[in-house]
1. Hey, does the range 56-73 have a residue that's surrounded by fewer than 16 Cβ atoms within 10 Å (Cβ to Cβ) and not in a helix (DSSP H, G or I)?
2. When ASP47 is evaluated against the numbered criteria (1) of a type outside the set (A, V, I, L, M, F, W, C); (2) in contact with a Ser or Thr (Cβ under 7 Å, 6 or more places away or on another chain); (3) within 8 Å of the ligand (Cβ to nearest atom), which criterion, by number, is the only one it fails?
3. Is it true that ILE86 is over 17 Å from the mean Cα position of the chain (by Cα), closer than 30 Å to LYS56 by Cα and not hydroxyl-bearing (Ser, Thr, Tyr)?
4. Just need a number here: residues in the range 1-44 that are away from the ligand (no atom under 12 Å from the Cβ) and not in a strand (DSSP E or B).
5. Identify, from the list LEU171, LEU182, the residue that is within 23 Å of ASN14 (Cα to Cα) and either in a loop (DSSP other than H, G, I, E, B) or within 12 Å of the ligand (Cβ to nearest atom) (or both).
6. Which residues, taken from the range 50-62, are within 12 Å of the ligand (Cβ to nearest atom) and among the charged types (D, E, K, R)?
7. What residue, among those in the range 74-87 that are more than 10 Å from the ligand (Cβ to nearest atom) and in a loop (DSSP other than H, G, I, E, B), is surrounded by the most Cβ atoms within 10 Å (Cβ to Cβ)?
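Just so it is clear, none of the values below were taken in a lab; they were calculated from the coordinates. This is a predicted model, so every value here is computed, not measured. Here Cβ is always computed from backbone atoms with ideal geometry, including for glycine, and neighbour counts include all displayed protein chains.
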Amino acid sequence: MKYGLIGRNGRMGNEIYNLFSEKGHQLVFSYDKSGEFFEEKPEILIDFSLPEAFNKVIEYVDKFKVPLVIGTTGLDENQIKQLHEISQNIPVVQSYNFSIGIQVLLRLTKLADSLLKDVDIEILETHHRFKKDKPSGTAKMLKDVLNKDVNISSIRVGNVPGDHTVYFGTLGEVITISHRALSRRTFAEGVLKSAEFAIKSIAGFYTFNDVFNLTI
Ligand code: NAD
């Protein structure tokens with residue numbers, strides 16, 4: 001596919017570029033702080049930048065009128081609302097986490113919550129020192145599936161791509177459910193699957209769960 005990448009020079013931008021190149025996909029447009037690269041109109045736009053670039057993302061979607069896969073975290077309510085609005089005309093795949101393992105973690109968390117009574121629940125997330133948003137989008141997704149007021153603790157150390165743990169503690173025992181991303185490549189693989197999905201989908205708002213279609 002011929003794709004465009006916003007946040008091209010970032011850690012995720014590089015990971016996506018390397019994987020897509022290996023698989024024979026062609027970067028024909030990119031945008032980053034250093035400026036714009038344009039060769040031809042892309043078939044799909046991918047955004048892994050920061051919320052500050054969001055208006056440009058909307059501008060380019062409007063210009064190219066192609067599907068969008070967006071993984072940028074820290075978006076506010078209004079930005080999410082805008083994504084829903086543009087999804088009336090184009091397919092949008094939005095997720096704060098593009099790893100399949102997190103989809104499993106979300107389900108295990110919901111299951112544990114439904115089985116345990118009189119339990120304390122806490123979420124812990126650990127990321128690399130450069131991560132700008134806190135708590136992580138994935139921690140917020142975990143809180144959302146629990147649908148209750150759960151405390152989130154955040155640690156920023158070294159070069160950790162992303163660790164998430166949910167603790168369930170009763171007076172007699174503690175269950176911990178954890179996920180560890182071993183590299184950013186796992187996210188890039190999810191982005192590629194999402195791009196392939198978006199290109200053949202009708203307009204609508206999709207999550208990474210729709211891409212994998214896990215049934216439990
Ligand atoms: P990064 O800081 O390495 O890269 C961000 C890139 O965006 C940089 O190249 C930067 O120059 C560019 N950028 C920032 N503001 C800009 C602006 N106003 N205009 C143009 N370009 C701008 O960050 P990263 O680690 O690559 O992560 C990028 C985003 O993806 C973050 O929001 C991060 O939390 C998120 N992320 C999501 C997932 C997921 O699975 N959804 C996984 C990893 C990271």
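1. Yes, because at least one residue in the range 56-73 is surrounded by fewer than 16 Cβ atoms within 10 Å (Cβ to Cβ) and not in a helix (DSSP H, G or I).
2. In the conditions (1) of a type outside the set (A, V, I, L, M, F, W, C); (2) in contact with a Ser or Thr (Cβ under 7 Å, 6 or more places away or on another chain); (3) within 8 Å of the ligand (Cβ to nearest atom), ASP47 misses (3) alone.
3. Details: over 17 Å from the mean Cα position of the chain (by Cα): yes; closer than 30 Å to LYS56 by Cα: yes; not hydroxyl-bearing (Ser, Thr, Tyr): yes.
Considered against the rule, which asks whether it is over 17 Å from the mean Cα position of the chain (by Cα), closer than 30 Å to LYS56 by Cα and not hydroxyl-bearing (Ser, Thr, Tyr), ILE86 comes out as yes.
4. Of the residues in that region, 14 qualify.
5. On the way: LEU171 fails: within 23 Å of ASN14 (Cα to Cα).
When all the criteria are applied, what remains is LEU182.
6. Going through the range 50-62, the residues within 12 Å of the ligand (Cβ to nearest atom) turn out to be 50-57, 59-60.
Residues satisfying the conditions are GLU52, LYS56, GLU59.
7. Ranking the qualifying residues of the range 74-87, first place goes to SER87.
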